[in-house]
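Heads up, the thing below is written out as structure tokens.
Only the coordinates and a few stated rules stand behind these numbers; no lab work does. What you see is a predicted model; the values in this text were computed from it and never measured. As a convention, Cβ positions derive from the backbone with ideal geometry for all residues, glycine included, and neighbour counts pool all protein chains shown.
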Amino acid sequence: MIDYREQPDKAAPFREEYLSGFDKIIAARRIQMQKIRAEKRKDIFLDAEKHRKDFRNMLGWPLTEYDPSVIPPVVIECLAVKDEVEISRCSFEVLEGLKLTGLLFKKRDGKKRPMVIVQHGGAGTPELISRVYGDTYNYNDMLVRVLAYDVHAFAPQLLLWDSDKFGAPHDRRDIDARLKSVGSSVTAVEVYGIRKILDYFQSCDYVSKFGMVGLSYGGFYTLFTAAIDTRIRSALSACFFNDRETYAWPDWVWQDSCGRFLDAEVAALVYPRPLFIEVAQSDPTFVIESAKREYERLKSLCPADWCPAFHVFEGAHEFNKEDTFLEKAMAALQ
């Protein structure tokens, strides 16, 4: 029989010491991983395909089994025709049993032109960013502004919508954890899905090349997809690029990712294609100073003939109201 008693606060210092120990061992391990990452990335600009394969392997299945020759089945429903644009809802079966849906904005004159993937962020939908629901909020008419250039646009629906507003309750991080238990990740599945959508549009006679633009989580997917798929000829990542040690969100980290690919290394895989990175001066979500530090680290890695363009604009967590980089990103597709 146990006859010893004490107040809960007596053992509290030991719990606090144990807790602080985690910070210490993570900090020490990060220093080790920085050295490992520096060694592994030495030839990233000389042998990008090797590193791209490592990146796909880190993110997981199904990127490891991607076959560009398999065009996904698609169901297309025309929703409206307005002026020179036909608006359709497209549903792609990117994996057996998994259908990725989005809105297609296709110019109707028959001219072959670039297709731009316009990616919403957290709590977003294709309908929200394209004025279907009216106000586009912090997207600042992102899709409509992209479409104003001589391009088609496609906006995929990723696992990021606000369940309270749009239904279909879900827990993205729980799904990500379950996917990681089977050698995958929500990022791997969704980047794979975007790649399969590119496979389909590449087979269409009205598409010439590809670009991608995204805000926040959309900026994340823009950066990662452009790093993996070289068919994306120009990319604009807004309000995402930062220090992943500062923002180690569960769905933004993978086994040993600190020792292989942080944002600077991912951006390096876009070489030699144009990459435009925008961050907001007054962003309440991501601290601007850590984004600047990560960009300085990226610059230190880049060869003399290439470096992603970086712009800090006056604004909050939003798509830049000025076409400062958007115009350049679209011009790179022409």
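Below is a table of values for the structure above.
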read-out: Loop chymotrypsin sites (Phe, Trp or Tyr not before Pro), region 271-315 (other Cβ atoms within 10 Å of the site Cβ: 14 or fewer; DSSP); value: 306
read-out: Calculated SAXS-style log₁₀ I(q)/I(0) at q = 0.23, 0.25, 0.26 Å⁻¹ - region 54-98, Debye, Cα scatterers; value: -0.85, -0.91, -0.94
read-out: Highest average packing first - 174-187, 23-36, 111-124, Cβ atoms within 10 Å; value: 111-124, 174-187, 23-36
read-out: Efficiency of FRET from Cβ geometry, residue 17 and residue 164, R₀ 51 Å, rounded to 0.05; value: 0.80
read-out: Net charge of Cβ neighbours under 14 Å - reference residue 314; Lys, Arg +1; Asp, Glu -1; value: -3
read-out: Approximate shape of the chain as ellipsoid semi-axes (Cα gyration tensor, √5λ), whole Å, largest first; value: 36, 24, 21
read-out: Region 185-253 - percent relative contact order, Cα under 8 Å, separation 6 or more; value: 31
read-out: The chain: relative contact order as a whole-number percent, Cα under 8 Å and 6+ apart; value: 18
read-out: Unpartnered cysteines - no second Cys beta carbon under 4.7 Å - across the chain; value: 78, 90, 204, 239, 258
read-out: For region 48-172: span of alpha carbons on each principal axis (Å, largest first); value: 44, 40, 28
read-out: Restricting region 92-201 to GluC sites (Glu not before Pro) in coil, as DSSP defines it, with at most 12 other Cβ within 10 Å; value: 96
read-out: Helix 12-40 vs. the chain, principal-axis angle (Cα, 0 to 90°, nearest 10); value: 50
read-out: Greater than 27 Å apart at Cα, pairs in 106/321; 82/321; 180/321; 53/209; 50/196; 299/328; value: 180/321
read-out: Largest-first principal axis extents of the Cα set of region 116-230 (Å); value: 43, 33, 20
read-out: Semi-axis lengths (Å, descending) of the ellipsoid that matches the C-alpha gyration tensor of region 237-334; value: 21, 19, 11
read-out: Cα-derived Rg to Rh of region 153-293, Kirkwood definition; value: 0.96
read-out: Under 18 Å from the Cα of residue 165 - lysines, other chains or at least 8 residues apart; value: none
read-out: C-alpha long axis of helix 288-301 to longest principal axis of the chain, angle in °; value: 80
read-out: Calculated [θ] (222 nm, deg cm²/dmol) that DSSP helices of n ≥ 4 give over the chain, each run adding -39,500 (n - 2.57); value: -10500 deg cm²/dmol
read-out: Acute angle (nearest 10 degrees) that the helix 217-228 long axis makes with the longest principal axis of the chain, alpha-carbon atoms; value: 80
read-out: Cα-centred dipole magnitude for the chain, charges only on beta-carbon of K, R (+1) and D, E (-1), debye, nearest 20; value: 860
